[in-house]
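Contents: one structure, followed by commentary.
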Amino acid sequence: MNAVIDEDLHRSLGSHLSSLGFTSLDVRDHGLRGASDEEVFLFAQKRKAILFSADLGFANTLSYRVQNHCGVVILRYPNELSTNAINEDIRLLLSKLIHEDYDRSLIILSPGKLRIRRNQ
């Protein structure tokens, strides 16, 4: 599975996603630093990738309809948590999912919680 990591997330997320079988691309490494949400979204879709972001704009199902994408994962973690604690929680939560859970789904992760909104 391919994953695109938005610039609002820590770069270390890529190695944690790799341990779960993802091939990760960071938008900062592809000339998309400061790019619009639409550009980042299209970049992910062209690569058939799941988009990982903390940007709540991607959770807007009117703008980013779940039936039109490969998956969006929104991370909602408080700033007080360490990057290591966040990455470990993400790894544990995502390890419960299978490939089909991502396709055309909006997944929201927060400390110890995983919510999925699927294409209906």
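Filtered by the rule that a residue be buried (at least 17 other Cβ atoms within 10 Å of the Cβ) and touching a residue at least 24 places away in the same chain (Cβ under 8 Å), the range 15-34 gives 16, 17, 22, 25, 32.
Search the range 83-97 for residues being more than 26 Å from residue 39 (Cα to Cα) and in contact with a strand residue (DSSP E or B) (Cβ under 9 Å, 6 or more places away or on another chain), and hand back the single one that is surrounded by the most Cβ atoms within 10 Å (Cβ to Cβ). Before the answer, list the steps.
Our first condition is that a residue be more than 26 Å from residue 39 (Cα to Cα); within the range 83-97, this holds for 83-86, 88-89, 91-93, 95-97.
Then drop every residue that is not in contact with a strand residue (DSSP E or B) (Cβ under 9 Å, 6 or more places away or on another chain), which leaves 86, 89, 93, 96-97.
Values: 86: 21, 89: 19, 93: 18, 96: 8, 97: 16.
Out of the qualifying residues, it is 86.
Kindly indicate which of 106, 62 is surrounded by fewer than 19 Cβ atoms within 10 Å (Cβ to Cβ) and either under 24 Å from residue 18 (Cβ atoms) or at pLDDT below 95 (or both). I'd like the intermediate steps shown before the answer.
Values: 106 fails: surrounded by fewer than 19 Cβ atoms within 10 Å (Cβ to Cβ).
After applying the criteria, what remains is 62.
When each of 7, 38 is tested for being free of Cβ contacts under 8 Å to residues at least 12 places away in the same chain and either touching a His at 6+ places or on another chain (Cβ under 9 Å) or farther than 20 Å from residue 100 by Cα (or both), the lone residue that passes is 38.
Checked against the criterion of being outside any loop (DSSP other than H, G, I, E, B) and loosely packed, with under 13 Cβ neighbours inside 10 Å, the candidates 80, 100 yield just one match: 100.
Can you pull out every residue in the range 25-64 that is of a type in the set (Asp, Glu) and closer than 17 Å to residue 105 by Cα? Please lay out each step first, then the result.
Pass one, the range 25-64, residues of a type in the set (Asp, Glu): 26, 29, 37-39, 55.
Result: 55, single match.
Name the residue that is nearest to residue 59 (Cα to Cα), counting only residues in the range 109-120 that are of a type in the set (D, E, K, R) and surrounded by 13 or more Cβ atoms within 10 Å (Cβ to Cβ).
Let us first name the residues in the range 109-120 that are of a type in the set (D, E, K, R), namely 113, 115, 117-118.
Now restrict to residues that are surrounded by 13 or more Cβ atoms within 10 Å (Cβ to Cβ): 117-118.
Values: 117: 10, 118: 12 Å.
Filtering first and then ranking leaves 117.
Within the range 90-103, being free of Cβ contacts under 8 Å to residues at least 40 places away in the same chain and farther than 13 Å from residue 20 by Cα holds for 100, 101, 103.
The values are calculated or read from the model by the stated rules, or taken from the named source; none is laboratory data. Just so you know, these numbers come straight off a predicted model, no measurement behind them. A quick note on method: Cβ atoms are made from the backbone with ideal geometry, for glycine too, and the neighbour counts reach across all protein chains shown.
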